Amino acid sequence: MAKNNVSTFVSAKHNNEKITMLTAYDYSMAKLMDESGINGILVGDSLGMVCLGYKDTLSVTMEDMLHHIKAVTRGAKDALVVGDMPFMSYQTSVYDAVKNAGRIIQEGLAGAVKLEGGVSVYEQVKAIVKAQIPVMGHIGLTPQSVNVFGGFKVQGKDESKAKNIIEDAKRLEEAGAFSIVLEGIPYKLAKIITETVSVPTIGIGAGKYCDGQILVYQDMLGLFSDFKPKFVKSYGNAGEVIRKAFKDYIAEVKEGIFPDEEYSFKMDDSIIDKCIKEGV
Ligand code: KIV
């Protein structure tokens, strides 16, 4: 498969080809996704919830993100790796935004960064793009605004909020974002946005009219059970497979079945006899 980059994302939209993305946070999973032919891997700040056990994404730091972005970029050969900018790494100033985006590219070796917001982060996006760093926008249900939204709620259902989200998308395009994640918005609103902007939209809980889709892999594989959003389709119950394997292992160790000879190292009997004779 050809290597994915920001240009292949943009041309996919123009060629009417759907873009596929998943989140990943470590080397092995990134490798599996890459080998499966995924177009893009987002090292999302959902890391905070699905890997680190926080109740939301707000506690995730730049160091947390870099640690995981580095692992994913080692595993992904063909997928475009997008590194998420955590809370407070870009809201504070344009300078912080460029500096931290630069770390994601320079230290994490990601191919692009993602940040949340539209109109409110226009200057940041413009400056990051000016620094030659591709930016993926993210609007709608932006999890870093959970305290403002009063929970993880679908956004853009009323007229003024819908218009604000359309404006956010237009401003991101104008600032130079190469694609935009649409999260947790009605599918008809996602359709309008997808038809309005020239850059690809990547949906999560935003319906089928987006140019691409992204899911958090723990959600689609049944590995995260704290809550299951309505938009998540199950593509397998890896949680059950893993739980059974753990139980089988525990039982076999307790019963002395594992490890048997097949899983043990051998040595010459004459050497062990010598050791015993010499009382070592
Ligand atoms: O952090 C994340 O995983 C995300 C996706 C849900 C788009 O932002």
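The values are calculated or read from the model by the stated rules, or taken from the named source; none is laboratory data. Remember, predicted model here, so these are calculated numbers, not experimental data. Cβ coordinates were reconstructed from backbone atoms using ideal geometry, including for glycine residues, and neighbour counts include every protein chain displayed.
For (1) touching a residue at least 12 places away in the same chain (Cβ under 8 Å); (2) assigned to a loop (DSSP other than H, G, I, E, B); (3) in the same structural domain as Gly205 (by TED's automatic domain parsing); (4) touching a Gly at 6+ places or on another chain (Cβ under 9 Å), each residue gets a yes or a no:
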position: Lys13; (1), (2), (3), (4): yes, no, yes, yes
position: Asn16; (1), (2), (3), (4): no, yes, yes, no
position: Asp45; (1), (2), (3), (4): yes, yes, yes, no
position: Thr57; (1), (2), (3), (4): yes, yes, yes, yes
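For the range 217-226, indicate whether the set of residues that are surrounded by 16 or more Cβ atoms within 10 Å (Cβ to Cβ) and over 21 Å from Asp34 (Cα atoms) is non-empty.
Within the range 217-226, one or more residues are surrounded by 16 or more Cβ atoms within 10 Å (Cβ to Cβ) and over 21 Å from Asp34 (Cα atoms).
Taking the conditions exactly as written (in contact (Cβ under 8 Å) with a residue 24 or more places away in the chain and either over 22 Å from Glu17 (Cα atoms) or away from the ligand (no atom under 14 Å from the Cβ) (or both)), does Glu195 satisfy them or not?
No: the conditions fail for Glu195.
Of all residues in the range 198-211, which are crowded, with 22+ Cβ neighbours inside 10 Å and touching a helix residue (DSSP H, G or I) at 6+ places or on another chain (Cβ under 8 Å)?
Hits for the range 198-211 are Pro200, Thr201, Gly203, Ala206, Cys210, Asp211.
Could you check Lys157 against (1) of a type in the set (D, E, K, R); (2) in a helix (DSSP H, G or I); (3) more than 27 Å from Ser59 (Cα to Cα) and say which number it fails?
(2)
Restricting to the range 181-218, name every residue that is within 17 Å of the chain's Cα centre (by Cα) and part of a helix (DSSP H, G or I).
Tyr217, Gln218
Listed residues Met49, Met29; which is closer than 23 Å to Gly222 by Cα, assigned to a helix (DSSP H, G or I) and away from the ligand (no atom under 12 Å from the Cβ)?
Sole residue among the options that is closer than 23 Å to Gly222 by Cα, assigned to a helix (DSSP H, G or I) and away from the ligand (no atom under 12 Å from the Cβ): Met29.
Among the residues of the range 59-102, which ones are more than 16 Å from the ligand (Cβ to nearest atom) and crowded, with 24+ Cβ neighbours inside 10 Å?
Passing the criteria: only Ala97.
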